[in-house]
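Just so it is clear, none of the values below were taken in a lab; they were calculated from the coordinates. None of the values given here were measured: they were computed from a predicted structure.
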């Protein structure tokens, strides 16, 4: 059974169909990259899966259960973990407090900032373990807002890891990062990928990142699923060649 699937997933904004009848299944132990030109519907498809927006038609299933009627928080509790294109943190809380709240939520201990912190030392230990994993232990007492952009991205991945979802969804995780910062995020995703019980979805424009990390690529174009397969085959496909490299396959053959 697929861990996550969409069936004829569609959303319309007025007369514009942003995602059009996308049917796709995602298996545990697989990292699937979702690619396509700007405006192809990639982030909108992510928003439909995670519940940020409601579908006009179609459905989303997690472990065979239809979660289409659930909002984003309920889908997160059910096991859908989402990291956004822009960082999504509590800026005025410390790095540790950001992760600790995620640990509390995962443990079903509520979101009380102070009582749980003192009563549940195991949550403190788990939060610190996550911070070690994402190389932020030395910045645990810094405010999230004070971190440089690369560290904020690492913190967001740490929060996602603390929630222990079944499905990890990354929307351009390296956006806005320097060349030196990118490998840290990629290494974190590689660590997650090593757990074959998890499903990972990745929206990414950088094709070198896609090549390196993905087991499978699906291509969206004008809101429709137009290609699906192993990375080498899909990257060589006409739709990807034209969208990313500006190569017209017919002109290439003629030449």
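Computed per residue of the chain from DSSP H runs no shorter than four, each worth -39500 (n - 2.57), the mean residue ellipticity at 222 nm is -11000 deg cm²/dmol. The C-alpha atoms of the chain define a longest principal axis, and helix 121-133 lies at about 40 degrees to it. Using only the alpha-carbon atoms, how far is helix 95-106 inclined from the longest principal axis of the chain? Give it as 0 to 90 degrees, nearest 10. Tilt relative to the chain: about 80 degrees. Beta bridges per DSSP, both residues in region 132-242: antiparallel share near 50 percent.
Considering only DSSP beta bridges with both partners in the chain, what is the antiparallel share in %, to the nearest 5?
On the way: 20 of 37 bridges.
DSSP beta bridges in the chain are roughly 55 percent antiparallel.
Highest GNM mean-square fluctuation among 157, 125, 22, for the chain modelled with Cα contacts below 10 Å: 125.
What do you get for the angle between helix 182-193 and the principal long axis of the chain? Use alpha-carbon atoms, 0 to 90 degrees, nearest ten. It works out to around 90 degrees.
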